[in-house]
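The values are calculated or read from the model by the stated rules, or taken from the named source; none is laboratory data. Treat the numbers as computed from the prediction; the structure is a model and nothing was measured. Glycine gets a Cβ as well: all are built from the backbone with ideal geometry, and neighbour counts include every protein chain shown. Just so you know, the surface numbers come from the protein's heavy atoms only, side chains and all, with ligands and any DNA or RNA stripped out. Shrake-Rupley method; radii C 1.70, N 1.55, O 1.52, S 1.80 Å.
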Amino acid sequence: MTTELTTQEINDIREKSGSDVQCILRELESNVPGITEGFGAITGAGIGGAASLAALSGLGVSGLSAAGITSGLATAGGLVGGGMVAGVGVLAAPVAVLGIVGYSIFKHRKVKKQTASLQYALGELYSVLERLVMNAQYFQEEIASIRGVIDALKMRAPA
């Protein structure tokens, strides 16, 4: 049993699938981060910033006064064998690391979604191809049948 497609249906499916594939390929080839990855980086950096601020507030003299900030930076720097300047690096690390982690997570999800979309579009194209081949076989049988009728009629024609 064949599923016959009209020429318009074939063209519509081919155009939509081809357009989907081209759009997805452009997105996959583009290395420019989108809003999704930016949101992930901002979220991760925000969480890291909040954690760093909490650590700064709690490591030295309690609070965020001048004494609290300097003692917190010195304590954080002491974790790596340095002073206040090293403490700035220690407390900035969570912001950078969690920003990168957030970016990476959202980038991975985006690529995974694009890959799934690409596979769907390719599946649609294969489906159209299969239906076209089935229709071609159907038409070949019809053509052979018509040729047989023509040949039979030619033989019956008066000379």
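Using Stokes-Einstein with the Kirkwood hydrodynamic radius over Cα pairs, what translational diffusion coefficient do you get for the chain at 20 °C and a viscosity of 1.002 mPa s, in µm²/s rounded to a whole number? Present the calculation step by step, with values, prior to reporting the outcome.
Values: Rh = 21.7 Å.
Rounded to a whole number, D works out at 99 µm²/s.
Label points 7 Å out from Cα along the Cβ direction at Ile105 and Ile35: separation in nm?
Reported label-point gap for Ile105 and Ile35 is 2.0 nm.
Please list the helices of the chain that count as membrane-span-like by this rule: a mean Kyte-Doolittle hydropathy of at least 0.0 together with Cα atoms stretching 24 Å or more along the helix axis, each helix being a complete DSSP H run.
The answer, listed by residue number, is 35-59, 84-156.
Using a 1.4 Å probe, what is the accessible area per residue for segment 40-159, in Å²?
Here the residues of segment 40-159 average 66 Å² of exposed surface.
Please give me the summed charge of the neighbours of Ile13: other residues whose Cβ is under 11 Å from its Cβ, Lys and Arg +1, Asp and Glu -1. It would help to have the intermediate numbers written out before the result.
Numbers: positive: Arg14, Lys16, Arg131; negative: Glu9, Asp12, Glu15, Asp20, Glu124.
Once positives and negatives cancel, what remains is -2.
Excluding Glu124 itself, what net charge comes from residues whose Cβ is under 13 Å from its Cβ, given Lys and Arg +1 and Asp and Glu -1?
Neighbour charge sum, excluding Glu124 itself: -2.
Please compute the modelled spin-label separation between Leu79 and Ile143, points set 7 Å along Cα→Cβ, answer in nm with one decimal.
It is 7.6 nm.
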